[in-house]
Amino acid sequence: MKLLLFADLHLDTNFDHNGPARRKAQRETLGRIVELAFEEKADALLCAGDLYEHDRFSPDTAAFLRTAFDVDLRVYLAPGDDDWYGPQSLYQQVDWSPNVHVFTEDTLEPVDLADGITLWGGANCAPAPAKGFLDGFAVARGGVNLALFHGPEPEDIAITGLDHAFLGHVHTPSHAPHHTYPGNPDPLTPGETGDRGAVLCTVHEDGTVSRKTFDVSAGRALLMPPAEPSPVPLHLGALADERTVRGQFVRDVEASSLDLPTKARVLAMGLRALEER
Ligand SMILES: [Mn+2]
């Protein structure tokens, strides 16, 4: 069975700069995630919380999410501490399509993913620090047991009888034998690089999981303000001596029969184009 996991998208979050463009890009990232699930023929899509931010979401976001998840694919959503489940939450306001399952209890509840494969999911039900879902939890079923929730790294997953936990909350990706944090797919703060994104998790019959991370970020390019194009160097003599494509270009233009103003224009445009390759 193949499950596509993501977490911590934080739709509608506040950014220091480029806010509107980056919030738009976050939506595009979700679109890419849903597309990827189809491309990779995933059996279900899992979100381990912090899908959006409760304090900032707009009615438009609710409509966007309803449409984004209205697809021919099972979708499981486990509310986190920033998108906690409660009477006022987006999760309750949306009339989800029947393929979407929102976990609503603050203890882990089982759903059948397939014959012999159970997914235990839970919700953060208060705007409090994410809770420890595994405290006192023990699996009461045979077969392969998986979990989906939002919280700090559990100390010992195997002791609960779970084979693997799909998690959100820790934004740095972590792929351990019994748990997976995919990390936030779109950078929220500078320096969030590395192997983060949506993680395709293949669940084997013995309960082990193999993983492949896909970069789905639409917002990364917007993280830094675009660099100013550098001015064209004036010392063409030094450039013409370079044993580079740029040097050859300068020598060819200088040796051509173009008039001086045209040469200058061609050099300026060509050097800029070469620099931007
Ligand atoms: Mn988060």
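Only one of (1) of a type outside the set (F, W, Y); (2) within 15 Å of P185 (Cα to Cα); (3) surrounded by fewer than 20 Cβ atoms within 10 Å (Cβ to Cβ) is not met by A7, so which one is it?
For A7, the exception is condition (3).
Residues T61, T29, T13, T67: which one is among the polar types (S, T, N, Q) and within 29 Å of T208 (Cβ to Cβ)?
Values: T61 fails: within 29 Å of T208 (Cβ to Cβ); T13 fails: within 29 Å of T208 (Cβ to Cβ); T67 fails: within 29 Å of T208 (Cβ to Cβ).
Of T61, T29, T13, T67, the one residue that is among the polar types (S, T, N, Q) and within 29 Å of T208 (Cβ to Cβ) is T29.
Please find, among D43, D16, D50, the residue that is exposed (fewer than 15 other Cβ atoms within 10 Å of the Cβ) and assigned by TED's automatic domain parsing to the domain that holds E153.
Of the residues listed, the single one that is exposed (fewer than 15 other Cβ atoms within 10 Å of the Cβ) and assigned by TED's automatic domain parsing to the domain that holds E153 is D16.
Quick check on my filter: what residues within region 159-218 are within 12 Å of the ligand (Cβ to nearest atom) and free of Cβ contacts under 8 Å to residues at least 12 places away in the same chain?
T189
Tell me the residue from C201, C125 that is buried (at least 19 other Cβ atoms within 10 Å of the Cβ), modelled with pLDDT of 95 or more, in the same structural domain as L9 (by TED's automatic domain parsing) and on the phi < 0 side of the Ramachandran plot, please.
C201
Go through the residues of region 173-183 one by one and say whether even a single one is touching a Leu at 6+ places or on another chain (Cβ under 7 Å), in the same structural domain as G31 (by TED's automatic domain parsing) and among the aliphatic types (A, V, I, L, M).
No, region 173-183 contains no residue that is touching a Leu at 6+ places or on another chain (Cβ under 7 Å), in the same structural domain as G31 (by TED's automatic domain parsing) and among the aliphatic types (A, V, I, L, M).
Using the structure shown, decide if D70 is away from the ligand (no atom under 15 Å from the Cβ), acidic (D, E) and in the same structural domain as S217 (by TED's automatic domain parsing).
Answer is yes for this residue.
So, in region 53-79, of the ones that are basic (K, R) and over 19 Å from H169 (Cα atoms), which residue ends up surrounded by the most Cβ atoms within 10 Å (Cβ to Cβ)?
Selected residue: R74.
Would you check if D16 is within 22 Å of P187 (Cβ to Cβ), over 13 Å from the mean Cα position of the chain (by Cα) and away from the ligand (no atom under 16 Å from the Cβ)? Steps first, answer last, please.
Details: within 22 Å of P187 (Cβ to Cβ): yes; over 13 Å from the mean Cα position of the chain (by Cα): yes; away from the ligand (no atom under 16 Å from the Cβ): yes.
Answer is yes for this residue.
Kindly list, by first and then second residue, each pair from a residue in region 234-257 that is free of Cβ contacts under 8 Å to residues at least 60 places away in the same chain to a residue that is of a type in the set (K, R), limited to pairs with Cβ atoms under 8 Å and residues at least 6 apart or on different chains.
Cβ pairs passing all conditions: L239/R246; A240/R251; V253/K263; E254/K263; S256/K263.
Looking only at region 128-157, which residues are away from the ligand (no atom under 16 Å from the Cβ), aliphatic (A, V, I, L, M) and either in contact (Cβ under 8 Å) with a residue 40 or more places away in the chain or not assigned by TED's automatic domain parsing to the domain that holds H179 (or both)?
V144, L146
The values are calculated or read from the model by the stated rules, or taken from the named source; none is laboratory data. Everything numeric here is computed off the predicted structure, so don't read it as measured data. Note that each Cβ is placed from the backbone with ideal geometry, even for glycine, and that neighbours are counted across all protein chains shown.
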